[in-house]
1. At what distance in nm do the modelled label points of residue 41 and residue 91 sit from each other, each positioned 7 Å from its Cα along Cα→Cβ?
2. For region 46-106, what are the per-bin percents of Cα-Cα distances with bins 5 Å wide, up to the bin holding the maximum?
3. Å³ per residue of the Cα convex hull, for region 119-158?
4. Give, in nm to one decimal, the length gained when the segment between residue 113 and residue 60 is fully stretched (0.36 nm per residue of separation minus the Cα-Cα distance).
5. Counting alpha carbon pairs within less than 8 Å and at least 6 residues apart, what relative contact order, in whole percent, applies to region 28-102?
């Protein structure tokens, strides 16, 4: 009878950070990090998360890297855990659980305060740059509203980047 292989639970130390917001949903990204497992047959990790402690959805399977960013989280509280799995398919128990609350906040990119980030906000910034309206939207925090801020906002609206926090 073959000997059982023990898979050790990863120790999760999560760097929970709201990375940005999506153009219209105010979604956030959360970066998770953990110590690597030392098993020679380690195949990867699975990231579990859900909106209730200990109740997780379908996991995200990743390789052997020890960090991942979970993207597009809507406002609410999320609970995260990680497991390790071997090349034979054996999976560890859950790591310690960590949680993060994504606040329901408005975005710095929502210049007209209508709850959306879209071309109307871009028009508001264009008017500010042209001097038609008071300054609004110093997104790169350089103490002025100019074409660099326009480019950031345009990229947010196109979905190329998230809104700076």
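Each reported figure results from applying straightforward, stated rules to the coordinates on display, with no laboratory input. Because the structure is a prediction, the values reported are computed rather than measured. In this analysis, Cβ positions are derived from the backbone assuming ideal geometry, glycine residues included, and neighbour counts consider all displayed protein chains.
1. Taking the simple label geometry, residue 41 and residue 91 are separated by 1.7 nm.
2. All Cα pairs, binned at 5 Å, distribute as 4, 16, 27, 24, 15, 8, 4, 1, 1, 0 percent.
3. Details: hull volume 2.0 nm³, N = 40.
Value for region 119-158: 51 Å³ per residue.
4. Details: separation 53, 0.36 × 53 = 19.08 nm, distance 3.48 nm.
That pair, residue 113 and residue 60, stretches by 15.6 nm at full extension.
5. Values: 151 pairs, mean separation 27.2, N = 75.
Rounded, it is 36 percent for region 28-102.
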